[in-house]
Amino acid sequence: MKNIKALIDQNITILNRRPVLVPMILAAALALLPFHAVIADSGTKEAQEEAVRIVVAKVNGQPIYKDQLEKRIRKSMRQVRGFGFSEKEQVLVTRASLERALDEEIAVELFYQGGQKLEIPDAAKKIAEEVARIKASLTDEQQKTISDDDIQEYVKRRFYINEYMAFNDLINPQVPEEEVKAYYERTKQGYVSKEVAVSVRHILISLGKDASAEEQKQAREKIEQARKLILEGKGFAEVVKEFSEDASAYSGGLLGYIKPGYMPPEFDKVAFSLKPGEVSDVVKTKYGYHLLKVTDIRPKGTIKSYEALRDFFAKYLSGELKIKKVPAHAKQIREQANIEIFSLDDPQVAASTQEPSA
């Protein structure tokens, strides 16, 4: 409850601040929700046609309606009511949520408008293909409640917002390599291995659960032939691509670093007894016949290498950078836009946050 009270205090501060908070990363993320999540509570076609849409703001002349804000905050308002707030507290939180939702909708509209200004080859074709894909995925019941205009508008907006964010390096912003390395140096002590691990390549000749004696014999002969070629000097990775029936064959049979218990006991026993560079005898497990080659051993207490962690860190830092870049960019283009905000104190606007009567 203390956290909720703090939220109210924070939202009261928000209400007294102009302009409203810089658009959050949610501004873009919410606009890119899967189609079914976006239109799940849109109501019937008839209800949408009869609804009077109240304009709460204009972005370069384009209106933002109260029902757009309603969709954003409806779930959170249900949660707030469950905390037993007083009527006054509910009003405060509702108002703050409306302000935040409007802020997000303005950012989304600006991104959409920016995307429409880009020169995108085959834009109409790509949009039409996605519309067709979504329509084909709808059930008969969904087709009764979801209009073609809903689908077209959703796909078009998502397409141009995605294109705009990609053009401005806002989807997966690139982090300079030196920053990734610096982050590794600062945090690598937290990535010390707690047990021994070995890097293994393998060849698998698979066997069905009910393989006959003849099938087992043929599989054994095949794995023995592969081993013979390796011992005669043919590269392990090359033999993998020729013989292996495992999904790892495309990467030369590489399983990466495995820890005890990751593979069947028969596999583990051999893998953790080999020296780097050694090729095993034939090993049989529930999957079939294997040949193993250990390429590296990482003792317990080893700090994971930069190469092993680089992609993980780069993705994490890209996400952190995105959290900063998206609102900063939204703030920048908002300052250059013509934004008109109308009163959210209109009773009709406040009423949009109420649950519909049964």
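The values are calculated or read from the model by the stated rules, or taken from the named source; none is laboratory data. All figures in this text were calculated on a predicted structure; none of them were measured in a lab. No Cβ is skipped: glycine too gets one built from the backbone with ideal geometry, and neighbour counts run over all protein chains shown.
Side notes on the structure shown:
- Taking the conditions (1) under 30 Å from residue 231 (Cα atoms); (2) surrounded by fewer than 15 Cβ atoms within 10 Å (Cβ to Cβ); (3) not aromatic (Phe, Trp, Tyr) in turn, residue 270 satisfies each one other than (2).
- Pair list, Cβ < 6 Å and 6+ apart or interchain, from the stretch 228-247 residues that are free of Cβ contacts under 8 Å to residues at least 60 places away in the same chain to residues that are assigned to a helix (DSSP H, G or I) and buried (at least 17 other Cβ atoms within 10 Å of the Cβ): 229/239; 236/230; 239/226; 239/230; 240/249; 241/249; 243/226
- Residues that are over 33 Å from the mean Cα position of the chain (by Cα) and either touching a residue at least 24 places away in the same chain (Cβ under 8 Å) or over 27 Å from residue 178 (Cβ atoms) (or both) number at least 2 in the following strands (runs of 3 or more DSSP E) confined to the stretch 253-343: 283-285, 288-298.
- Residue ID - nearest to residue 222 (Cα to Cα), chosen from residues in the stretch 243-265 that are surrounded by fewer than 14 Cβ atoms within 10 Å (Cβ to Cβ) and of a type outside the set (Ser, Thr, Tyr): 247
- Residues located in the stretch 167-182, provided they are assigned to a helix (DSSP H, G or I) and within 14 Å of residue 319 (Cα to Cα): 179, 180
- Matching residues, the stretch 263-307, being among the hydroxyl-bearing types (Ser, Thr, Tyr) and at pLDDT below 90: 302, 305
- Of the residues 211, 219, 226, the single one that is in a helix (DSSP H, G or I) and more than 16 Å from residue 293 (Cα to Cα) is 219.
- Among the criteria (1) surrounded by fewer than 14 Cβ atoms within 10 Å (Cβ to Cβ); (2) closer than 17 Å to residue 223 by Cα; (3) among the hydrophobic types (A, V, I, L, M, F, W, C), the one residue 282 does not fulfil is (1).
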